[in-house]
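> So that we are looking at the same thing, I have put the structure below in structure tokens.
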Amino acid sequence: MELITSVEFGRMINAAAQILTKNAQHINKLNVFPVPDGDTGTNMSLTMQSGAQYERDSTETSIAALSAAMSKGLLMGARGNSGVILSQIMRGFTKFVANFDTLDAKQFANALKAGAESAYKSVMKPTEGTILTVIRESAAAAGDAADQSDDLVDVAKATWDASKEALAKTPDLLPVLKEVGVVDSGGQGLVFVFQSWYEVLSGKTTQEDLSTPPDMAQFDEKTDEFDAQVSLDPKDIKYGYCTTILFETGKGSTYDREWNYDKFYSYLSKKGDSLLVIADDGLVKTHVHTEDPGAILTEATHYGSIKWVKIDNMRDQQQAVIDRVAKEQASQPKKPIETAVITVASGHGVSELFKSVGVTDVITGGQTMNPSTKDLLNAITSSKAKNAIIIPNNANIFMAASQAADMSKIPVEIVKSKTIQQGLTAMLGFNPDADVKENASEMTAQLSTVKSAEVTKAVRDTSIDGKSIKRGEYIGIVDGKIQANGRRLRDVAINSVKAMLDDDSEIVTIIYGSQSNQKESEQLTKAISKLDNNLETEIHEGDQPLYPFLISVE
């Protein structure tokens, strides 16, 4: 193959989105700490999906125009550090191809080189042993291959091979990777991208492989879906998962029963309510509200091959309705604010804490789902303020926040809080009447006055910081370093507090999550008082997922 046309380019971008989605969980598991918030794969997947959607929506036929559309989609959908860097790689690529209708081997290689340069420029302190190393060495290999061959298949293969070699070297360049025994997660994501490009150009991935799921319109049930009322407490929902499945009877390796409508319907009726089963020419669509969607899926596999699945958490949906109504009510015309303060957090209680100290808008997300550049930019725009301050509460959101600030039409400052506790403490320095830069400076100064601990469960066995950690153990992470681990939640929490205390410590604040409660928090405060009876303690319900305790010492 000597030229990449708009057809091949479109397939390459969509194949990249597809392969990242398919391997997102594999990439997520490569995070350095064994905590349940490794989200690099999710971030890169959603970022690439956004780029692919913009490319598909474009009606242009030149590489230049399609690449520009893709780049814009990546930028708007960029999530997390790796997602942002991926968007910058493609931004550099796009700038180079701005005047091309098609690409030959050397142009393709030079575009990758431009992408590598753009990525390095986007990071304030480039670190080797990351996705940056992988793109730089892959682009160099592409250039060498293009000097030897005009065949794009050869160049794509050389690029992919070099990316794998560069990825394998990341533990030697970044000690923390070697200590834990993993390769760089962002680099792994880029390797998958180059794999998909090679497979498209070599014909191993065809248009049929990139086809979308079947059109579901003919199977849409006529009954009403769950009608969320604001007055309904999500906890009162008996069956929480709206489960919809499309499967083909008599097909697949798990098929071991002849289709029987009555038996299947009877089974589902015992598992939930709002039941509907539609059978049409060998295809069955079922809809049920249940507490065990996995069991429904398993039952369906006995009758045939699963074609499509959609599972929605209706408790979360109901809470979203309540939050949306509250937000709409709060958005009624009011006096324009001078400076909007926008933060990122998970958990209803944590959100209320931020609002109680003056935060204007809380974007749901953080540990398990980083907001995109577009999410942050939308919050800035919808605030209708003259200035804005972003409190990210997670280092993986810094780059997306920076991009949102650059794209904003109003002045935006970023207070680089790495934890929820830091974010709350930063608000002590906020003055609604002060200049935005002065505010950001005062709020940033507050960050050094608090120490933060996050207590969660390890999701895999590992050895790090001299500690042998088993899957399922609680771990206490104090300002980015694992300081305690063990089987008992209270012991790990107390040891985390001990690691934070010094002669100047005065206040210990406990924010308990959805996996803890008020009683456990009170027991913890009693144990903390025994460490130093002069310490003041506070307890707040945060309802944050995955982290039973967020603890701060000031």
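> (1) over 18 Å from Val193 (Cβ atoms); (2) touching a residue at least 40 places away in the same chain (Cβ under 8 Å); (3) polar (S, T, N, Q): which one isn't true of Gln18, the others all being true?
With respect to (1) over 18 Å from Val193 (Cβ atoms); (2) touching a residue at least 40 places away in the same chain (Cβ under 8 Å); (3) polar (S, T, N, Q), Gln18 is out only on (1).
> Identify, please: which residue in segment 16-68 is among the acidic types (Asp, Glu) and surrounded by 23 or more Cβ atoms within 10 Å (Cβ to Cβ) and is, among those, modelled with the highest pLDDT?
Going residue by residue through segment 16-68, those that are among the acidic types (Asp, Glu) are 37, 39, 55, 57, 60.
Still in the list and also surrounded by 23 or more Cβ atoms within 10 Å (Cβ to Cβ): 39, 55.
Values: Asp39: 76, Glu55: 94.
Looking at the filtered set, the residue picked out is Glu55.
> In segment 237-259, what count of residues is obtained for those that are assigned to a loop (DSSP other than H, G, I, E, B) and of a type outside the set (D, E, K, R)?
Looking only at segment 237-259, we keep the residues that are assigned to a loop (DSSP other than H, G, I, E, B), and these are 237-240, 250-259.
Checking the rest, the ones that are also of a type outside the set (D, E, K, R) come to 237, 239-240, 250, 252-255, 259.
The qualifying residues number 9.
> Return the only residue of Ser463, Ser452 being crowded, with 23+ Cβ neighbours inside 10 Å, small (Gly, Ala, Ser) and touching a residue at least 60 places away in the same chain (Cβ under 8 Å). Lay out the reasoning, then the answer.
Numbers: Ser463 fails: crowded, with 23+ Cβ neighbours inside 10 Å.
Within the list Ser463, Ser452, the selection yields Ser452.
> On to the next question. Does segment 405-425 contain any residue that is of a type in the set (Lys, Arg) and touching a strand residue (DSSP E or B) at 6+ places or on another chain (Cβ under 9 Å)?
Of the residues in segment 405-425, the ones of a type in the set (Lys, Arg) are 409, 416, 418.
Narrowing further to those that are touching a strand residue (DSSP E or B) at 6+ places or on another chain (Cβ under 9 Å): 416, 418.
Within segment 405-425, one or more residues are of a type in the set (Lys, Arg) and touching a strand residue (DSSP E or B) at 6+ places or on another chain (Cβ under 9 Å).
> Among (1) crowded, with 20+ Cβ neighbours inside 10 Å; (2) closer than 21 Å to Glu328 by Cα; (3) touching a Phe, Trp or Tyr at 6+ places or on another chain (Cβ under 9 Å), which single condition is Ile420 missing?
Answer for Ile420: the failing condition is (2).
> While we're on this one: Which condition number does Ala453 fail, the rest of (1) under 23 Å from the mean Cα position of the chain (by Cα); (2) farther than 30 Å from Ala388 by Cβ; (3) not basic (Lys, Arg) being met?
(2)
> In segment 493-514, what residues are out of contact with any Pro (no Cβ under 7 Å at 6 or more places or on another chain) and in a loop (DSSP other than H, G, I, E, B)? Can you show your working first?
Initial filter on segment 493-514 (out of contact with any Pro (no Cβ under 7 Å at 6 or more places or on another chain)): 493-511.
If the condition is that a residue be out of contact with any Pro (no Cβ under 7 Å at 6 or more places or on another chain) and in a loop (DSSP other than H, G, I, E, B), then Leu501, Asp502, Asp503, Asp504, Ser505, Glu506 are the ones that fit.
> Select from segment 466-485 the residues that are surrounded by fewer than 20 Cβ atoms within 10 Å (Cβ to Cβ), closer than 29 Å to Ser448 by Cβ and free of Cβ contacts under 8 Å to residues at least 24 places away in the same chain and list them in ascending order.
Of everything in segment 466-485, those that are surrounded by fewer than 20 Cβ atoms within 10 Å (Cβ to Cβ), closer than 29 Å to Ser448 by Cβ and free of Cβ contacts under 8 Å to residues at least 24 places away in the same chain turn out to be Gly466, Lys467, Lys481.
> Could you please let me know if Asp101 is acidic (Asp, Glu) and under 15 Å from Phe9 (Cβ atoms)? Break it down stepwise before answering.
Numbers: acidic (Asp, Glu): yes; under 15 Å from Phe9 (Cβ atoms): yes.
Against the criterion (acidic (Asp, Glu) and under 15 Å from Phe9 (Cβ atoms)), Asp101 qualifies.
> Counting only residues that are among the hydroxyl-bearing types (Ser, Thr, Tyr) and assigned to a loop (DSSP other than H, G, I, E, B), which one in segment 358-369 is surrounded by the most Cβ atoms within 10 Å (Cβ to Cβ)?
Going through segment 358-369, the residues among the hydroxyl-bearing types (Ser, Thr, Tyr) turn out to be 360, 364, 368.
Within this subset, residues satisfying the condition of being assigned to a loop (DSSP other than H, G, I, E, B) are 360, 368.
Details: Thr360: 19, Thr368: 15.
Filtering first and then ranking leaves Thr360.
> Okay, next question. If you take the residues in segment 231-262 that are basic (Lys, Arg) and surrounded by 14 or more Cβ atoms within 10 Å (Cβ to Cβ), which one is farthest from the chain's Cα centre (by Cα)?
Of segment 231-262, the ones basic (Lys, Arg) are 235, 238, 251, 257.
Filter once more, keeping what is surrounded by 14 or more Cβ atoms within 10 Å (Cβ to Cβ): 251, 257.
On the way: Lys251: 35, Arg257: 39 Å.
Per the criteria, the residue is Arg257.
> If you don't mind, another one. Filter segment 315-337 for residues that are polar (S, T, N, Q) and at pLDDT below 75 and give the result. Working first, answer last.
So in segment 315-337, the residues polar (S, T, N, Q) come out as 317-319, 329, 331-332.
Gln317, Gln318, Gln329, Ser331, Gln332, listed by residue number.
The values are calculated or read from the model by the stated rules, or taken from the named source; none is laboratory data. Given the structure is predicted, the values throughout are model-derived calculations rather than measurements. Heads up, the Cβs are rebuilt from the backbone with ideal geometry, glycines too, and the neighbour counts pull from every protein chain shown.
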